[in-house]
Amino acid sequence: MRRQIVRIDETLCNGCGACVAPCAEGAITMVNGKARVVREELCDGAGFCIGVCPTGALSVEMREAPAFDQGAAEEEMAVREVAMIEQSCHVCDAGEDSRVLLPCRTAGQSLWVCTRCLPQLIHG
């Protein structure tokens, strides 16, 4: 099946592991000091991991991959500990407890922006 799936460029990955926690389904783990999508059927292709990568090693690509397995993802989520890295808007510093945050990239950096600040970034 051809679908969207996360791609990790090992040459850009610095092994920080920041992408592991946002992958609620458990598709990304650390292997020999590098992030890897080890179970493609757990990757939903949403890309929430992309916004936390400090090196830009993660992207979403369209390619042949096993179908996303919702049941297996739910089983994996049930056994994993809740892990969250608090994020904040890079413009106003609002946290996700008070605003909806979206991942964005600018000037080679992976950042977060809240929905209140997003229009000013789009329209200047």
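Every number in this text was worked out from the coordinates using simple rules, so none of it is lab data. Note that the structure is predicted; figures quoted are calculated from it, not measured. Don't worry about glycine lacking a Cβ; one is built from the backbone with ideal geometry, like all the others, and counts go over all protein chains shown.
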Taking 0.36 nm per residue of separation and subtracting the Cα-Cα distance, what length does fully extending V100 through A46 add? 17.8 nm
Check which residues have an amide H placed less than 5 Å from R105's amide H, if you skip close sequence neighbours. L111
Between E64 and C16, how many nm apart are label points set 7 Å from Cα along the C-beta direction? 3.5 nm
Are there any GluC sites (Glu not before Pro) in segment 48-124 that are in a DSSP loop and have at most 14 other Cβ atoms within 10 Å? List them by number. E81, E86, E96
Gain in span if fully extended, T55 to Q4, counting 0.36 nm per residue against the direct Cα distance: 16.3 nm
If I take every Cα pair under 8 Å that is 6 or more residues apart in the chain, average their sequence separation and divide by the length, what percent do I get for the relative contact order? 26 percent
Starting from the Cα of L121, step 7 Å along the direction of its Cβ; do the same at D93; then give the gap between the two resulting points in nm. 1.8 nm
